[in-house]
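Peer 1: Got a structure for you, written out below as structure tokens; questions coming shortly.
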Amino acid sequence: MAFVLTHLVPGDPAVANLGDRASADPVAVRIYREHFGLDKPLPVQYFVYLGNLLHGDLGESEQSQRPVSTDLAEYIPATAELAITSIVLACLLGITLGVIAALNRNRLSDQIIRVVSLGGMSTPQFWLALVALYIFFYKLSWVPGSGRLDAIVLPPPHLTGLFTIDSLAAGQFDVFANSIQHLILPACVLAAFNMGLFTRFTRSAVLEVLENDYVRTARAKGLPELTVVFRHILRAASPPILTVVGLAFGNVMTGTVLVENIFSWPGIGQYSYRSATALDLPAIVGVMLFVAIVYILVNMVVDILYGIIDPRVQLA
Amino acid sequence: MTTLLSVRDLRVWLDTARGPLPIVDGVSFDISAGQVFGLAGESGSGKTITALALLGLLPAGARTGGSAILDGRDLMTMRTAQRRRTRGREVAMVFQDPMSSLHPMLTIERQLTEHLRYQLGMSRKEADERAVELLTEVRIPNPEAALRGHPHQFSGGMRQRIQIAIALACEPRLLVADEPTTALDVTVQAGILRLLHRLCQEKDLAVMLITHDLGVLSALADTVTVMYAGRVVESGPTAQVMGRSRHPYTRGLVDSLPHPEAADRALVPIAGEPAGPESRPAGCAFHPRCRYMEPPCATAVPPLIRIDDGREMACPVDPLVASLAR
Amino acid sequence: MQRRTTFLIATLSVLAVLLAACGTNGGSTGTTGKTLVVDDAYTWDFSKDTDPSRGGVDFDADPFFHAIYDSLLTFKLGDSSTPIPLVAQSYTVSPDAKTFTFIIRKDVKFADGTPLTAHDVEFTFNRLLNLHDNPVYLLDGITSMKATDDYTFVLTSSVPNPAIPFIVTNPALGIINSKLLMAHGGSDAANAATADSAHDFLGTTSVGSGPYTMASVSTSEVVLKANTNYWGPDKPNFGTVIFRNVAAATQLIEIQKASNQIELSLSGDQAASLKSNSALTVTSFTSPNITFAFCNIKTTPACANQHFVNAIRYGIDYQALVSVAGAGSAQAPGVVPTQFLGALTQAQAIQRDVTKAKSELQASGITNPTIQLDYTISSTGLNDSLAAKIKANLADVGITVNLNGQPSSIATPNYRGGKYHLGLAGWAPDYPDPNDYLAFLPGQLVGLRAGWPTGAAPDIEALGARAGSTPDNATRGPLFQQLQTLLNQESPMLPLIQPGQSVVGTKNLTNVIYSPVWYLDLASIGT
């Protein structure tokens, strides 16, 4: 499917990707096409691609001239670090705010949180990224600028590709601190939309749960309010929230394209953007496959969590 | 017989744009240890709100007045933290619907032991042992297995027993049971009521039994208070109130009961609808539905007047009350 | 009680956020010691651009190749008019401008210590030719490239080509350590396009003799380290140069707190907004890139009508386009950029003349013409602004223009395939010599894209051939001026502007000077 869609795009990759003069040189074009198998009819290309895919071979990127799988392996950890951090941030903030809003329904704090969450959802990420960089980097100097590390800091030895984890594993605490500093701002910007989303969903889910008698039962036991909120209310409200968190991985994937660009974050977002603008078909298909796998995995995890959270749900 | 809880002039109201809206309007009663106290009335009469006010579990926005003295301490003016410590340990509550009153996603063990561990500081092992004890006490078969279960694996009656076990866990002195049998089959009802009665006797527990079903009360309660539209209309020992009910509303409730000895006799429902808090008539709130209504009923709220041993009643039309009032 | 807990939760959340923020306080932003940071928003992947013979004509990679690979000849800083010796200590040109003999210095060493010989030069040129990748056109017309001894290299061209000394300055022709590369899969054989497997090796190691070596490369940054074995007299000022891939909007913010840093991607407006910052030096150059329009005869028959083309030519308000393009921009008087030999002067440039344009339109006999303007939507939005301006200009004349901006991946193949109607496109110099602009003539690369086949304008073609093969620059220059004057009278080519190029650096940096060939000479940047 992904293969067909990307090949339906008008435009000749050889002409788009070669240099101005080389694109008019039949020999250069022929070499390019042979190299990437573009000289064969489309159905043949498709079966060659499928055959390779079965061996875990995603083909070679026309831009980087490296196997797409190598490219993905290089970019995925950066995006994973950013995306997971942002989802965790969005969950922590969004769910907390959503609970506060629900418990204070229609009071001032609820109104303020509504404005904050709507703001998070409706602010363009591109703009937010620039403004955040301007304020927190330029004006306040709270965070360093773009990139995953300061220019002079060397990356930690490769283990997972997640700099925070790798630096800790290597005992390089200064690198760890630096990577956290670089991570926090893009992660927050990327989290803004989902924070708003989670707040809205948590609020309505909690409001629904609050109607239930078992909340009153929990209070009648004399449990402290935090226990009631976290053990009883949030537990019951979690299935719809979990669904949204699962879907949020999709938002994050699209969000990375802009945020990674502004923060010079070498991840899948930048890679897919570059691949798309260069009509780098193997790379585009590779990214689409990756995103599809993420979706499937996230959905699987969500389904499993449903079963753990709610014993009434039977795993099929 | 010692008075455990003494409620005086309990009021609950909501602040609305058009001024305070009373829900419960000056209710007073006493509850003694080892006794079942019945609170009766149609839905909307303020019974449940009264109970929730005692536990401090009123919905947000509700305001309260009056006093409820438990052991010399006024529940209504307690600080919130202190109030919370009384819940479960001194005053516990069992709710009407066993389907929705237990958390569907938490194990019975968790729901039965979390307050034991928090309120009484028990270890997990101690709490589990106590939980088995409690389940045995409320006659749950195979209590160890039941602890590992979830609410949806139990029948309604079993769930209500579990609820009672949860309420009893911290050995409260007053158990408030709000319509504990309404949602259950008739056959199961009797078992629950017997359980409540036994616990009351064995543990010297005060039980406040809230129900619209006077039949339940006549079998179980030592004293009965009947509420209508947020006010007490009649109260006293069960035998007097039920056997020789005087207030037209109480009498209406009794007449609407199916009678075991006269199954062929038609039930006599009370005409009209009970008045909600927004549309309470002036004077005696019952007067629009009352067969004995006289002009003063529509203007002045009738005071509660003691008419014989332990019985109080609010009806100016009743000849006895009228003579006493004179 | 509920309220108090809520308050607690709220406080905790705020604290968490503050802690997160404070935890990052004092993040170091400066670079220490001798590290230079250069930011560029590049779209080309550096994985290709570690091989000069493949990526060496890519503008984004040129500063980096230039710093690592020495070429035969070079230019003095800020003067691209005369090639000067580098690896070749001298060169001679045969009178027919067909044979070029380069004498190689004997003291040049590669970064690994291997001496550089004419055989390395031969390998480099052969490999570039046989890989047949982007830069291959640099050797168009070359019939032989030979090391006649260890320190003599001879190039022979089939036609007179006085541009050769300019061409060999190109970073794509930076000399490669042939022994080292061949040991790692490099090949200059005729089948190099398939036989050469040095790509992975070049991704980790550079094989040049320049002042810098490549320390690491990733898509986010390339790190250069000073070459400790550098043979030249002047060691580079900075021990480390970090070439980062940073979006323009981010560059604008970051440069304002940086030290030892240069931003290459700021637009004229962005750069102008930094002029008041006393810690920065903002330099705007007129780039040697030509933005031009053309009227495609093949897709739009009206373009064959010279009166109609002239109506467009005189209808366009060039000064308005210059002001749209921002600081540093200038009108392009002809297809050859003003910096190069043979360029026309601004006084010879076409001026807008609406009356003339209208009369030309009338003379064309075409009534109420409508034409589609095709162009690439650029990330800076410049093309869109120019296109909108042209539409408005031509409306004054009575020509209706429909705008058709497309993303590069679609527009580029259309442009190169000759499918544009009225086209808006750009040309960056491949080497700083007017011969590069013969591409605009009938039957040539750009000419064909305008549907202008060989034989369409014999006078222009003959003049072009003569100008391109005249060895003597004193004669060649005026010939090119004559050629462009003709092009401005009777060709479908409409040179518009040379956009401005802004470089912003921190104040302490010196020699941040723009080069039309390699953009920046990293090694000469000082403090």
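The values are calculated or read from the model by the stated rules, or taken from the named source; none is laboratory data. The model shown is predicted, which means the values in this text are computed figures rather than measured ones. Note that each Cβ is placed from the backbone with ideal geometry, even for glycine, and that neighbours are counted across all protein chains shown. Side chains are part of the model used for accessible areas, which takes the heavy atoms of the whole protein and leaves out ligands, DNA and RNA. Shrake-Rupley method; radii C 1.70, N 1.55, O 1.52, S 1.80 Å.
Peer 1: Can you report the number of residues in region C:185-205 which are open to solvent by 30 Å² or more (accessible area, probe 1.4 Å), in contact with a Ser or Thr (Cβ under 9 Å, 6 or more places away or on another chain) and touching a residue at least 40 places away in the same chain (Cβ under 8 Å)?
Peer 2: 2
Peer 1: Out of all the residues in region A:21-39, which are more than 10 Å from chain C (Cβ to nearest Cβ) and open to solvent by less than 50 Å² (accessible area, probe 1.4 Å)?
Peer 2: A:Phe36, A:Gly37, A:Leu38
Peer 1: Follow-up question, since we're still on this one. Of C:Thr338, C:Thr367, C:Thr355, which residue is open to solvent by 20 Å² or more (accessible area, probe 1.4 Å), farther than 20 Å from C:Leu403 by Cβ and in a helix (DSSP H, G or I)? Break it down into steps so the answer makes sense when it comes.
Peer 2: On the way: C:Thr338 fails: in a helix (DSSP H, G or I); C:Thr367 fails: in a helix (DSSP H, G or I).
Result: C:Thr355 is the single residue among C:Thr338, C:Thr367, C:Thr355 that is open to solvent by 20 Å² or more (accessible area, probe 1.4 Å), farther than 20 Å from C:Leu403 by Cβ and in a helix (DSSP H, G or I).
Peer 1: Next question. Can you give me the number of residues within region C:301-326 that are in a loop (DSSP other than H, G, I, E, B) and either modelled with pLDDT of 90 or more or crowded, with 21+ Cβ neighbours inside 10 Å (or both)?
Peer 2: Keep residues of region C:301-326 that are in a loop (DSSP other than H, G, I, E, B), which gives C:305, C:316-317, C:326.
Retained after the next criterion (residues that are either modelled with pLDDT of 90 or more or crowded, with 21+ Cβ neighbours inside 10 Å (or both)): C:305, C:316-317.
Final tally of qualifying residues: 3.
Peer 1: Oh, and also: Do we have A:Ser179 as at pLDDT below 90, at the interface with another protein chain (Cβ under 7 Å from one of its Cβ atoms) and over 13 Å from the mean Cα position of the chain (by Cα) here?
Peer 2: Values: at pLDDT below 90: yes; at the interface with another protein chain (Cβ under 7 Å from one of its Cβ atoms): no; over 13 Å from the mean Cα position of the chain (by Cα): yes.
Criteria not met by A:Ser179.
Peer 1: Yes or no: A:Leu281 touching a residue at least 24 places away in the same chain (Cβ under 8 Å), under 30 Å from A:Leu38 (Cα atoms) and among the aliphatic types (A, V, I, L, M)?
Peer 2: Working: touching a residue at least 24 places away in the same chain (Cβ under 8 Å): yes; under 30 Å from A:Leu38 (Cα atoms): yes; among the aliphatic types (A, V, I, L, M): yes.
Spelling it out, A:Leu281 is indeed touching a residue at least 24 places away in the same chain (Cβ under 8 Å), under 30 Å from A:Leu38 (Cα atoms) and among the aliphatic types (A, V, I, L, M).
Peer 1: In this structure, is A:Ala83 at pLDDT 85 or above, more than 13 Å from chain C (Cβ to nearest Cβ) and open to solvent by less than 10 Å² (accessible area, probe 1.4 Å)?
Peer 2: Spelling it out, A:Ala83 is indeed at pLDDT 85 or above, more than 13 Å from chain C (Cβ to nearest Cβ) and open to solvent by less than 10 Å² (accessible area, probe 1.4 Å).
Peer 1: Also, I was wondering about something else. The conditions are (1) buried (at least 17 other Cβ atoms within 10 Å of the Cβ); (2) in contact (Cβ under 8 Å) with a residue 40 or more places away in the chain; (3) assigned to a strand (DSSP E or B), and C:Pro135 fails exactly one of them. Which is it?
Peer 2: (3)
Peer 1: Just name the residue that is surrounded by the most Cβ atoms within 10 Å (Cβ to Cβ) out of those in region B:71-88 that are farther than 17 Å from B:Leu58 by Cβ and away from every other protein chain (no Cβ under 11 Å).
Peer 2: Within region B:71-88, the match that is surrounded by the most Cβ atoms within 10 Å (Cβ to Cβ) is B:Arg73.
Peer 1: Still on this structure, I have one more. Restricting the search to region C:71-94, which residues are within 22 Å of C:Ser287 (Cα to Cα) and of a type in the set (Ser, Thr, Tyr)?
Peer 2: Across region C:71-94, the qualifying residues are C:Thr74, C:Ser80, C:Ser81, C:Thr82.
Peer 1: Continuing with this model, one more query. Which one of the conditions (1) under 17 Å from C:Ala97 (Cα atoms); (2) open to solvent by 40 Å² or more (accessible area, probe 1.4 Å) does C:Gly141 fail to meet, given that it meets all the rest?
Peer 2: Every listed condition holds for C:Gly141 apart from (2).
Peer 1: For B:Arg117, are the conditions met, namely being open to solvent by 40 Å² or more (accessible area, probe 1.4 Å), within 26 Å of A:Ala218 (Cβ to Cβ), without any contact (Cβ under 8 Å) to a residue 12 or more places away in the chain and in the same structural domain as B:Glu129 (by TED's automatic domain parsing)? Before you say what the answer is, go through the steps one by one.
Peer 2: Working: open to solvent by 40 Å² or more (accessible area, probe 1.4 Å): yes; within 26 Å of A:Ala218 (Cβ to Cβ): yes; without any contact (Cβ under 8 Å) to a residue 12 or more places away in the chain: yes; in the same structural domain as B:Glu129 (by TED's automatic domain parsing): yes.
Yes, satisfied.
Peer 1: Hey, another quick one. Answer yes or no as to whether A:His55 is more than 11 Å from every other protein chain (Cβ to nearest Cβ) and either among the aromatic types (Phe, Trp, Tyr) or under 30 Å from A:His158 (Cβ atoms) (or both).
Peer 2: On the way: more than 11 Å from every other protein chain (Cβ to nearest Cβ): yes; either among the aromatic types (Phe, Trp, Tyr) or under 30 Å from A:His158 (Cβ atoms) (or both): yes.
Here the answer is yes, as A:His55 does meet what is asked.
Peer 1: Which ones in region C:425-445 are closer than 30 Å to C:Asp384 by Cβ and among the polar types (S, T, N, Q)?
Peer 2: C:Gln444
Peer 1: Taking the stated definitions as given, is A:Ser264 under 24 Å from A:Ser61 (Cα atoms), more than 12 Å from chain C (Cβ to nearest Cβ) and buried (at least 24 other Cβ atoms within 10 Å of the Cβ)? Working first, answer last.
Peer 2: On the way: under 24 Å from A:Ser61 (Cα atoms): yes; more than 12 Å from chain C (Cβ to nearest Cβ): no; buried (at least 24 other Cβ atoms within 10 Å of the Cβ): yes.
So A:Ser264 fails the test.
Peer 1: To continue, here is another question. Considering region A:213-226 alone, what residues qualify as being buried (at least 18 other Cβ atoms within 10 Å of the Cβ) and under 36 Å from the mean Cα position of the chain (by Cα)? Working first, answer last.
Peer 2: From region A:213-226, those buried (at least 18 other Cβ atoms within 10 Å of the Cβ) are A:213-223, A:225; that's our starting set.
A:Val215, A:Glu225 - these are the residues of region A:213-226 that are buried (at least 18 other Cβ atoms within 10 Å of the Cβ) and under 36 Å from the mean Cα position of the chain (by Cα).
Peer 1: While we're here: Considering region C:370-386 alone, what residues qualify as being outside any strand (DSSP E or B) and farther than 19 Å from C:Asp353 by Cα?
Peer 2: As a first pass, look at region C:370-386 and keep what is outside any strand (DSSP E or B): C:377-386.
Once the filter is applied, which keeps residues that are outside any strand (DSSP E or B) and farther than 19 Å from C:Asp353 by Cα, region C:370-386 yields C:Ile377, C:Ser378, C:Ser379, C:Thr380, C:Gly381, C:Leu382, C:Asn383, C:Asp384, C:Ser385.
Peer 1: Still on this model: Among what's in region A:100-139 and is under 24 Å from the mean Cα position of the chain (by Cα), assigned to a helix (DSSP H, G or I) and among the hydroxyl-bearing types (Ser, Thr, Tyr), pick the residue that is surrounded by the most Cβ atoms within 10 Å (Cβ to Cβ).
Peer 2: Applying the filter and picking the extreme gives A:Ser117.
Peer 1: How many residues are in a helix (DSSP H, G or I) and in contact with a helix residue (DSSP H, G or I) (Cβ under 8 Å, 6 or more places away or on another chain) when one looks only at region C:252-275?
Peer 2: Residues flagged as in a helix (DSSP H, G or I) and in contact with a helix residue (DSSP H, G or I) (Cβ under 8 Å, 6 or more places away or on another chain) within region C:252-275 amount to 7.
Peer 1: Next up: Please state which one of A:Gly250, A:Gly269 is within 13 Å of the chain's Cα centre (by Cα) and more than 14 Å from chain C (Cβ to nearest Cβ).
Peer 2: Details: A:Gly269 fails: more than 14 Å from chain C (Cβ to nearest Cβ).
Answer to the selection: A:Gly250.
Peer 1: Still on this structure, please answer the following. Is it the case that A:Glu211 is of a type in the set (Asp, Glu) and more than 14 Å from chain C (Cβ to nearest Cβ)? If you could, list the steps in order and put the result at the bottom.
Peer 2: Values: of a type in the set (Asp, Glu): yes; more than 14 Å from chain C (Cβ to nearest Cβ): yes.
It is true that A:Glu211 is of a type in the set (Asp, Glu) and more than 14 Å from chain C (Cβ to nearest Cβ).
Peer 1: Shifting gears a bit: If you go through region C:419-440 one residue at a time, how many are in contact (Cβ under 8 Å) with a residue 40 or more places away in the chain and more than 10 Å from chain A (Cβ to nearest Cβ)?
Peer 2: First, pick out the residues of region C:419-440 that are in contact (Cβ under 8 Å) with a residue 40 or more places away in the chain: C:419-437, C:440.
Of the ones still in play, those that are also more than 10 Å from chain A (Cβ to nearest Cβ) are C:419-424, C:429, C:431-435, C:437, C:440.
So the count comes out to 14.
Peer 1: Restricted to region A:63-99, and to residues that are assigned to a helix (DSSP H, G or I) and charged (D, E, K, R), which residue is farthest from the chain's Cα centre (by Cα)?
Peer 2: A:Asp71
Peer 1: Could I ask something else about it? Counting only residues that are away from chain A (no Cβ under 14 Å) and in contact (Cβ under 8 Å) with a residue 40 or more places away in the chain, which one in region C:233-265 is surrounded by the most Cβ atoms within 10 Å (Cβ to Cβ)? Don't jump to the end; show me each part of the working.
Peer 2: As a first pass, look at region C:233-265 and keep what is away from chain A (no Cβ under 14 Å): C:233-237.
Keeping just the survivors that are in contact (Cβ under 8 Å) with a residue 40 or more places away in the chain gives C:234, C:236-237.
Numbers: C:Asp234: 10, C:Pro236: 25, C:Asn237: 20.
Once the filter is applied, the top-ranked residue is C:Pro236.
Peer 1: Just checking, does region C:184-195 include any residue being among the β-branched types (Val, Ile, Thr) and under 30 Å from C:Asp79 (Cα atoms)? Walk me through how you get there before you give the answer.
Peer 2: Within region C:184-195, the first condition is being among the β-branched types (Val, Ile, Thr), and the residues that meet it are C:194.
Narrowing further to those that are under 30 Å from C:Asp79 (Cα atoms): none.
No, the conditions are met nowhere in region C:184-195.
Peer 1: Quick test of your reading of the structure: C:Asp269 fulfils all but one of (1) more than 12 Å from every other protein chain (Cβ to nearest Cβ); (2) more than 20 Å from C:Val517 (Cα to Cα); (3) open to solvent by less than 30 Å² (accessible area, probe 1.4 Å). Name the failing condition by number.
Peer 2: (3)
Peer 1: Given (1) within 14 Å of chain A (Cβ to nearest Cβ); (2) modelled with pLDDT under 90; (3) open to solvent by less than 40 Å² (accessible area, probe 1.4 Å); (4) assigned to a helix (DSSP H, G or I), identify the lone condition not met by B:Gly215.
Peer 2: Only one criterion in (1) within 14 Å of chain A (Cβ to nearest Cβ); (2) modelled with pLDDT under 90; (3) open to solvent by less than 40 Å² (accessible area, probe 1.4 Å); (4) assigned to a helix (DSSP H, G or I) is unmet by B:Gly215, namely (1).
Peer 1: On to the next question. A:Trp142 fails exactly one of the following numbered conditions: (1) crowded, with 23+ Cβ neighbours inside 10 Å; (2) among the aromatic types (Phe, Trp, Tyr); (3) not in a helix (DSSP H, G or I). What is the number of that condition?
Peer 2: Going through the list (1) crowded, with 23+ Cβ neighbours inside 10 Å; (2) among the aromatic types (Phe, Trp, Tyr); (3) not in a helix (DSSP H, G or I), A:Trp142 breaks only (1).
Peer 1: Tell me which of these B:Ser101 doesn't satisfy, since it passes every other one: (1) in a helix (DSSP H, G or I); (2) under 18 Å from B:His150 (Cβ atoms).
Peer 2: Failed condition: (1).
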